[in-house]
Each structure stands twice: as C-alpha cells, then as structure tokens.
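Since the structure comes first, as structure tokens, the remarks are kept for the end.
What follows is calculated from the coordinates using simple rules that are stated; it is not laboratory data. Computed from a predicted model, the values in this text were never measured in an experiment. Note: ideal-geometry Cβ built from the backbone for every residue, glycine included; neighbour counts use all protein chains shown.
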Amino acid sequence: MAKKRGIHPFRTALLFVTMLAVLAGCSTGNASNEAETTSASGQDTVKKIIVGTGTQFPNVCFIDENGKLTGYDVELIREIDKRLPEYEFEFSTMEFKNLLLSLETKKIDLIAHQMEVNEERQAKFLFNDEAYNIFPNKVVVSQKNQDVNSIDDLKGKKLIVGATSNAAVLAEKWNADNGNSIDIVYSGAGEDTITQIKSGRVDATISTQFAIDYQNKAVDAQLKTVGEALSNSKVYFILNKDEQELKTKVDEALKSIKEDGTLSKLSTEWLGADYTVEE
C-alpha cells in the first residue's frame, strides 16, 4: 500500500507566498477599477441637457451653407454651455410644432426657439426669468401689396401662421376679438410661406423685421412688414416645471452674458441690431 506523502514545508511556504501575490494582484486590480468608477462617476456629475430647436428660422436656428446648425438662439446656448461646466448641452432639431410636445413628454429638457409667454404655455411649463430678446411681431405682406397696411386690413383675407406658434396665438386672439374676420391658414410640414405669399394663395403672415430682412437678402423673398407691432413680447427659454435648478443656473449664466456685452454682440451679429433691450 502506497504511503501518503506529506506536503513539504518549503512547498507550503511557496504556495502561501504565491497566494499572497495573487491576492495582491486582485486587490490592485480592484483598486484600479474603483478609481475608474470614481472617475467615471465624477464625469457623470456633468448633467446632459437636451435642447430642442429648429432648422427653419432664419438667423435664429438654421443650417448654414456648411451644414452647421447655427443662429442666435443656437450660439447663445453654446455660450451658456461654456459658462455652466456642470451641464452639457446637446441639440435635438425638429419641426417647430413638435417642440412643446417633445418637452411635455420629456424627450427634451429645454426649448430654444424665440419662445414667448402665453397662458397656455405658462400653465404647463416653466419659463426662465431672464429674457434674452424682445420679439417685435408684425404683419408681413408682399412688397407689391399696397392694400394691407395693418392687421385691420386683413379682414376677409388669408393669414398664414405656423401651428402652435406665438404668431398663431396672436392671430387667433385678434380674430376672436374681431368677429373671426381673418381666414387663418396653418402652414403644413415643409410648406413655404414665402411662396404662398408670392403666389397670392395667402395675403400675409406674422413675423419679425430681422427675419424678413434676412429672407429678402437670402432668397429674394420680396416681403415687408406693415403696421404697428402686434406684440413686443420678451423671449425666454421653456423648461419642464421640475427643472427649477436648471432654470436658476441658466438665468445666472444669462445675467453674466448680458453684463459683459456678449448678448448684445450676438444679437447684432445674427439679428442685425441689438434686440436685447426694449426700444
């Protein structure tokens, strides 16, 4: 019968040392993983904010000749992003009519698209406190049109506006107060308002002087603004009601952007004048 062989003391010691080395290696590996996790966690403290905007608003949010998303609202968000290292702002572009629904369903966190305050929006959403533009809405017609000189002259005529836009709200309110005398037409997806006016299918729209100046220069729109401003509403960002902290931070950044003159420069660069102060 074979005799059991004992474990030599030297081999026992060697095995013990080897096990310690293995354990030490595992320990070192875990420490490294923990450091990476800590580092990753540190990066995760930078909160990503999805900003909803459009691509069809001249000078405000549009695609330039190089295929880049740019404009006044876009570059302002980029400036805010620079001043709020705890956030990372990322754009999500869509049709204007989808912005409010996307915010409501939390597909986006903030809207940057020259948004004005109205009761319906206030009931659902949160506006920041610091206005970043004064939005002068006026009636817009063909340069050849000599019959329409104010919104009163649109009675019995067609006015085209974007669905859910503040221009639509203004038109609907005026219409309700004046016997629904204007035929309000809502532009569809990809529909060219300029072509509609040029062809005479509609008589007017509502827009701003700086947008019309750009369209006349860029695509020979042959449009003009007429009459007094229908509104001189201040423009804000819109957020969800539970984004109070983000609202506060955005306002802080906006204050500094105003104080150092950056906001005025952006407005002059993109809109042709300083529309950040009331006239």
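Numerical summary
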item: Sequence-distant residues sharing a close amide H with Phe91 (under 5 Å, placed H); result: Val51
item: Local net charge near Lys155, Cβ-Cβ under 12 Å (Lys/Arg +1, Asp/Glu -1); result: -3
item: Net charge of Cβ neighbours under 11 Å - reference Asp242; Lys, Arg +1; Asp, Glu -1; result: 0
item: Cross-link pairs beyond the 23 Å C-alpha cut-off, checked among Lys48/Lys107; Lys82/Lys258; Lys155/Lys217; Lys138/Lys158; Lys158/Lys217; result: Lys155/Lys217; Lys158/Lys217
item: Inter-centroid distance (Cα atoms) of segment 170-211 relative to segment 115-157, Å; result: 10
item: Whole-Hz ³J(HN,Hα) from phi, Karplus 6.51 cos²θ - 1.76 cosθ + 1.60, for segment 76-90, glycine and proline x; result: 5, 4, 5, 5, 4, 4, 4, 9, 10, x, 7, 10, 10, 8, 10
item: Counted charge near Lys144, where neighbours are those whose Cβ lies closer than 11 Å (Asp, Glu -1; Lys, Arg +1); result: +1
